[in-house]
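The values are calculated or read from the model by the stated rules, or taken from the named source; none is laboratory data. Bear in mind the structure is a predicted one, so any value in this text is a computation, not a measurement. We place every Cβ from the backbone using ideal geometry, glycine too, and count neighbours over all the protein chains shown.
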Amino acid sequence: MNEQRPPDLAENTIQALRWNLDRVDEQIVKLMNQRAELARRIGGLKETFDGVAFVPARERAVLEHVQTYNNGPLPEEAIRGIFQQIIAACRNLETPVAVSFLGPEFSNCHLAAIQRFGTTAVMLPAESIGEIIDLVEHGKAHYGVSPIENSTEGVVRETLDALYRSTLSIADELNVSIQHSLWGCGTLEDVTMVYSKDQALAQCRNWLLHHLPRAQMVATASTSRAAEQAVGHPEIAAICNPLAGEYFGLTRLADRIEDSPYNRTRFCVVGPAQSQPSGKDKTSIVFSVKHESGSLHRILTVLERHHINMTLIESRPTKEMPWEYVFYVDFQGHRTEERIQAALEDLREQCMFLRVLGSYPEAN
């Protein structure tokens with residue numbers, strides 16, 4: 001470590017400011033390690049799943065606490081991102097979390113998993129959303145991250161179907177801003193096919209119709225898989241995250257091609273355990289109703305009677321019997337609250353089948 005002081009620390013010079021910056025960095029490192037030691041001691045006192053301490057409610061409280069002490073110039077979003085990585089690094093100190101995601105690397109799902117669990121987590125790519133769930137159910141991953149809803153294209157059907165058949169719970173959720181680029185190994189004029197995840201293709205529908213009206217749209221398992229398949233094929237362009245395009249050695253053909261500038265995707269974190277209340281939570285349920293007039297209306301009346309704010313409702317075929325459907329509903333509140341418990345009891349009387357998929361902190 002270079003302790004040589006600049007000639008005059010009181011002077012407003014680059015040399016003096018850099019010396020002071022180095023001293024601040026040294027203190028930050030010391031404090032982060034102090035925090036890591038405290039977190040490790042706390043972890044040793046808690047009962048955890050396979051030694052992994054993942055408590056979304058507590059992590060939300062930490063983030064809200066540190067943001068109250070932020071007086072700038074860093075924006076709150078930056079403080080939140082920095083502390084998310086600090087929390088994740090402390091969590092992974094002894095037993096790194098194994099997380100399944102929709103691969104290969106640098107898909108939007110992969111980047112969401114890194115945002116939630118940090119760069120020191122063990123990342124396990126899956127070929128499909130069903131495999132994400134399967135890896136967690138069979139104990140090969142502690143948690144899985146899967147897209148569940150997009151702000152412009154609605155729910156991700158594969159995730160809803162996988163959750164219906166799963167025994168896992170939704171433990172957490174996060175909202176991620178999605179920006180799409182077009183990548184290839186030729187030029188835009190060479191492109192006759194555009195590969196990407198079906199949701200990504202839909203999110204760029206207007207741009208594609210305007211700029212590549214004759215191109216064939218080909219759905220792939222993920223956006224990063226599309227980038228991988230475009231390698232060596234000038235006629236194929238991939239809609240993907242810039243990190244995926246760069247990773248596979250492609251050239252950026254067009255940037256920010258998403259139709260909505262407010263394009264966001266909600267990802268859910270699935271795992272074997274329920275989350276504790278955070279004070280601002282959401283509950284997800286799936287249920288079926290009797291085939292009779294007014295059955296769904298009675299369900300919605302129960303929610304209204306208990307003053308529960310519903311944020312999503314979606315129907316999906318069970319794929320078990322023709323014309324049989326289940327309904328997915330998200331509403332605000334935690335299953336441990338008295339009013340939510342009372343509502344769930346009333347709902348069970350009206351439903352043929354009902355399962356709580358999870359209660360978890362509501363994403364900002």
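When region 271-292 is examined, which residues are found to be more than 23 Å from residue 133 (Cα to Cα) and β-branched (Val, Ile, Thr)?
289, the sole residue that qualifies.
Answer yes or no: is there a residue in region 148-157 that is farther than 22 Å from residue 315 by Cα, in contact (Cβ under 8 Å) with a residue 60 or more places away in the chain and out of contact with any Leu (no Cβ under 7 Å at 6 or more places or on another chain).
Within region 148-157, not a single residue is farther than 22 Å from residue 315 by Cα, in contact (Cβ under 8 Å) with a residue 60 or more places away in the chain and out of contact with any Leu (no Cβ under 7 Å at 6 or more places or on another chain).
For region 316-333, indicate whether the set of residues that are in a loop (DSSP other than H, G, I, E, B), out of contact with any strand residue (DSSP E or B) (no Cβ under 6 Å at 6 or more places or on another chain), touching a residue at least 60 places away in the same chain (Cβ under 8 Å) and more than 30 Å from residue 53 (Cα to Cα) is non-empty.
Looking for residues that are in a loop (DSSP other than H, G, I, E, B), out of contact with any strand residue (DSSP E or B) (no Cβ under 6 Å at 6 or more places or on another chain), touching a residue at least 60 places away in the same chain (Cβ under 8 Å) and more than 30 Å from residue 53 (Cα to Cα), one finds at least one in region 316-333, hence yes.
Any residue that is in contact with a helix residue (DSSP H, G or I) (Cβ under 6 Å, 6 or more places away or on another chain) and under 22 Å from residue 174 (Cα atoms) - is there at least one of those in region 246-254?
no
Among the residues of region 223-244, is there at least one that is surrounded by 21 or more Cβ atoms within 10 Å (Cβ to Cβ), among the basic types (Lys, Arg) and within 28 Å of residue 144 (Cβ to Cβ)?
So far as region 223-244 goes, yes, one or more of its residues are surrounded by 21 or more Cβ atoms within 10 Å (Cβ to Cβ), among the basic types (Lys, Arg) and within 28 Å of residue 144 (Cβ to Cβ).
Can residue 78 be described as assigned to a helix (DSSP H, G or I) and either modelled with pLDDT under 90 or not assigned by TED's automatic domain parsing to the domain that holds residue 32 (or both)?
It is false that residue 78 is assigned to a helix (DSSP H, G or I) and either modelled with pLDDT under 90 or not assigned by TED's automatic domain parsing to the domain that holds residue 32 (or both).
Got at least one residue in region 342-357 being of a type in the set (Asp, Glu) and either closer than 30 Å to residue 186 by Cβ or part of a loop (DSSP other than H, G, I, E, B) (or both)?
Scanning region 342-357 turns up no residue that is of a type in the set (Asp, Glu) and either closer than 30 Å to residue 186 by Cβ or part of a loop (DSSP other than H, G, I, E, B) (or both).
Out of the residues in region 233-268 meeting the condition of being out of contact with any strand residue (DSSP E or B) (no Cβ under 9 Å at 6 or more places or on another chain) and part of a helix (DSSP H, G or I), tell me which one is nearest to residue 211 (Cα to Cα).
Out of the qualifying residues, it is 243.
Please give the number of the condition residue 299 fails out of (1) free of Cβ contacts under 8 Å to residues at least 40 places away in the same chain; (2) aliphatic (A, V, I, L, M); (3) surrounded by 13 or more Cβ atoms within 10 Å (Cβ to Cβ).
Every condition holds for residue 299 apart from (1).
Could you please give the count of residues in region 210-232 that are assigned to a helix (DSSP H, G or I) and closer than 21 Å to residue 104 by Cβ?
Total satisfying the criteria: 8.
Could you list, in sequence order, all residues of region 163-218 that are in contact with a Lys or Arg (Cβ under 7 Å, 6 or more places away or on another chain), of a type in the set (Gly, Ala, Ser) and either at positive phi or surrounded by fewer than 19 Cβ atoms within 10 Å (Cβ to Cβ) (or both)?
177
Just a yes or no: is a residue in region 95-117 surrounded by fewer than 18 Cβ atoms within 10 Å (Cβ to Cβ) and at pLDDT below 90?
Yes, some residue in region 95-117 is surrounded by fewer than 18 Cβ atoms within 10 Å (Cβ to Cβ) and at pLDDT below 90.
If you go through region 285-296 one residue at a time, do you hit one that is assigned to a helix (DSSP H, G or I), farther than 26 Å from residue 115 by Cα and modelled with pLDDT of 95 or more?
no
Let me spell it out: the conditions are (1) within 23 Å of residue 156 (Cβ to Cβ); (2) in contact with a Phe, Trp or Tyr (Cβ under 9 Å, 6 or more places away or on another chain); (3) modelled with pLDDT under 90, and residue 312 meets all of them except one. Which number is the exception?
Residue 312 satisfies every listed condition except (3).
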